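Structure first, commentary second.
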Amino acid sequence: MTVYAGETVGLVGDSGSGKTTLLRAALGLHRPDSGQVCIDGVDRYAANRETRRELSRRVALVPQDPLDSFAPGATAAATLVDALRAAGVPRRLRRTEAMQLATEVGLGSPELLERPAATLSGGQRQRLAIARALARSPELLLLDEPVSALDLTVQERVLELLHEVQVRRGTSFLLVSHDADVIAYMSDRVLTLEAGSVTTS
């Protein structure tokens with residue numbers, strides 16, 4: 001399967017079909033038993049350490065519920081600053097860029113940014129997770145059931161935000177969802193995964 005620049009590929013399949021394994025492989029966390037995971041033609045699992053590190057910056061994940069991935073007690077601002085540190089942004093620029101990211105996803109209020117990330121609402125947490133993923137300016141965002149834990153109104157707003165991010169940045173999305181409406185709304189193409197293999201497109 002291929003995800004082209006600026007497009008959204010929806011990935012559907014029953015539980016156990018391999019969706020999570022595929023996402024982990026794309027992130028560099030699970031070496032595939034066969035085949036390759038290539039970014040611009042470079043196999044991330046065959047590359048040297050420096051190249052793997054560079055490739056890792058080009059792919060980021062937005063999880064289903066990011067709550068467990070936030071550092072205990074960390075504020076929303078600290079969460080973004082830490083993501084920017086990991087992305088190699090110089091210290092003197094991190095606070096400014098954290099505010100820019102927060103504003104981009106609709107979390108620009110200073111009061112919100114100083115709250116512990118764990119105390120934000122579900123929609124706010126998902127916006128923070130999107131901003132954190134964008135800290136490394138990825139070319140591919142992996143969206144793992146990104147709105148399934150949210151109520152319908154909040155789902156719509158988060159999906160609109162993701163669409164705006166894609167238009168503005170040209171980011172590619174690989175979207176995993178059990179919700180046919182979400183897949184239909186977001187996807188340029190839809191692939192079905194069955195027992196680890198793409199069966200339809």
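We did not get these values from a lab; they are worked out from the coordinates using the rules stated. Treat the numbers as computed from the prediction; the structure is a model and nothing was measured. Cβ sites come from the backbone with ideal geometry, for glycine too, and all protein chains shown count toward neighbours.
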dims of the chain, Cα set, principal axes, largest to smallest, nearest Å -> 48, 42, 30
Taking every other residue with Cβ under 15 Å from the Cβ of A25 and scoring Lys and Arg +1, Asp and Glu -1, one gets +3
Listed residues P116, P63, P72, most fluctuating in the chain (Gaussian network, C-alpha, under 10 Å) = P72
Mean separation of Cα contacts under 8 Å (at least 6 apart) over the residue count of segment 67-137, i.e. the relative contact order in percent, is 45 percent
Note down the net charge around D40, summing +1 for each Lys or Arg and -1 for each Asp or Glu among other residues with Cβ under 12 Å from its Cβ.
-> -1
What ranking do 50-59, 129-138 get when scored by the average of other Cβ atoms within 10 Å per residue, highest first?
-> 129-138, 50-59
Fraction in percent of alpha-carbon pairs per bin - 10 Å, segment 67-137 = 24, 61, 16, 0
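Please compute the contact order of the chain in relative form: average sequence separation of alpha-carbon pairs under 8 Å and at least six residues apart, divided by the residue count, as a percent.
Numbers: 312 pairs, mean separation 72.2, N = 201.
Relative contact order of the chain: 36 percent.
Jot down the per residue volume, in cubic angstrom and as a whole number, of the convex hull over the alpha-carbon atoms of segment 126-183.
75 Å³
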Percent of all alpha-carbon pairs of segment 4-72 at distances over 16 Å, whole number, is 58 percent
